[in-house]
1. Taking every residue in A:38-45, how many Cβ atoms of other protein chains lie within 10 Å of its Cβ, on average?
2. Using a probe radius of 1.4 Å on protein heavy atoms only, what is the accessible area buried between chains A and B, both sides summed, to the nearest 100 Å²?
3. Are there any residues in the stretch A:82-112 with a reduction of at least 50 Å² in accessible surface when going from the isolated chain to the assembly of protein chains? Probe 1.4 Å, please list them by number.
4. Please give the length that would be gained between A:Ala81 and A:Asp59 if that part of the chain were fully extended, namely 0.36 nm times their separation in residues minus their C-alpha to C-alpha distance (nm, one decimal).
5. Hey, got the Cα dimensions of chain A along the principal axes, in Å, largest first?
6. Leaving out ligands, DNA and RNA, and with a 1.4 Å probe, what % of the accessible surface on chain A is carbon or sulfur?
7. What whole-number value in Å² describes the accessible area per residue of the stretch A:53-112 for a 1.4 Å probe?
8. Where a Cα-Cα gap under 12 Å defines reach, which aspartates and glutamates qualify for A:Lys83, not counting those fewer than 8 residues away within the same chain?
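The values are calculated or read from the model by the stated rules, or taken from the named source; none is laboratory data. As the structure is a computational prediction, the values presented were derived from the model and not from experiment. Heads up, the Cβs are rebuilt from the backbone with ideal geometry, glycines too, and the neighbour counts pull from every protein chain shown. Calculation scope for accessible area: heavy atoms of the full protein, side chains included, ligands and nucleic acids excluded. Shrake-Rupley method; radii C 1.70, N 1.55, O 1.52, S 1.80 Å.
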Amino acid sequence: DGGITQSPKYLFRKEGQNVTLSCEQNLNHDAMYWYRQDPGQGLRLIYYSQIVNDFQKGDIAEGYSVSREKKESFPLTVTSAQKNPTAFYLCASGGLTNYGYTFGSGTRLTVV
Amino acid sequence: GQQVMQIPQYQHVQEGEDFTTYCNSSTTLSNIQWYKQRPGGHPVFLIQLVKSGEVKKQKRLTFQFGEAKKNSSLHITATQTTDVGTYFCPISNAGGTSYGKLTFGQGTILTVHP
């Protein structure tokens, strides 16, 4: 079945450590996105990529970095510069159709 | 950038009652999408509306796009406990061959009491 896989589902890290969240899709979508969701809040866009080897900052890119070396993969690194990294991170992909975005099941990051 | 306001922020209903959530934009939208996120889950795409005055139905769900393409609504008839979740109406800045990006508001959190 086609879809998006995010791993791990839960992640715990100590403050000051960088951490990389994985996102892989086999939907052959060109565009991929990273969103952050805090409890009871909507989704805020961190970074997005519309083509391999290219990506753009979203609304809250500070303290995050991404890469897009392959069409299928769009990993997100949460750096120690991110002030409040504890959140639910959602990866999505989309194609040029009216089928909307497909979201992964998310990674819950807790920094202690 | 474009923003959408969604009301109400919270809605509590008894099972069997109807429910409606509204999205309003100050600017004309090219399209609007609707997503549902179950508690603890991820957003799932429900539908996209593109045409002025468009009405689409999915079983007990009715989606409308306003004539001026500045507002949209989702109406659920006879709610069930499976309807519990947060409903979002993100807007896209996509056009032509651009994928664009979706901007999400806070959504409407629906709880259904059995």
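1. Numbers: counts 0, 0, 6, 5, 11, 12, 2, 5.
Shielding by partners across A:38-45 averages 5.
2. Numbers: alone 6550 and 6530 Å², together 11190 Å².
Its buried surface, counting both partners, is about 1900 Å².
3. The answer is A:Leu96, A:Asn98, A:Tyr101, A:Phe103 - residues whose exposure falls by at least 50 Å² when every protein chain is included.
4. So the chain would gain 6.3 nm between A:Ala81 and A:Asp59.
5. Over chain A, Cα extents along the principal axes are 40, 26, 22 Å.
6. Values: 2620 of 5620 Å².
About 47 percent, which is the carbon plus sulfur part of the accessible surface.
7. Numbers: 2850 Å² over 60 residues.
It amounts to 48 Å² per residue over the stretch A:53-112.
8. A:Glu15, A:Glu62
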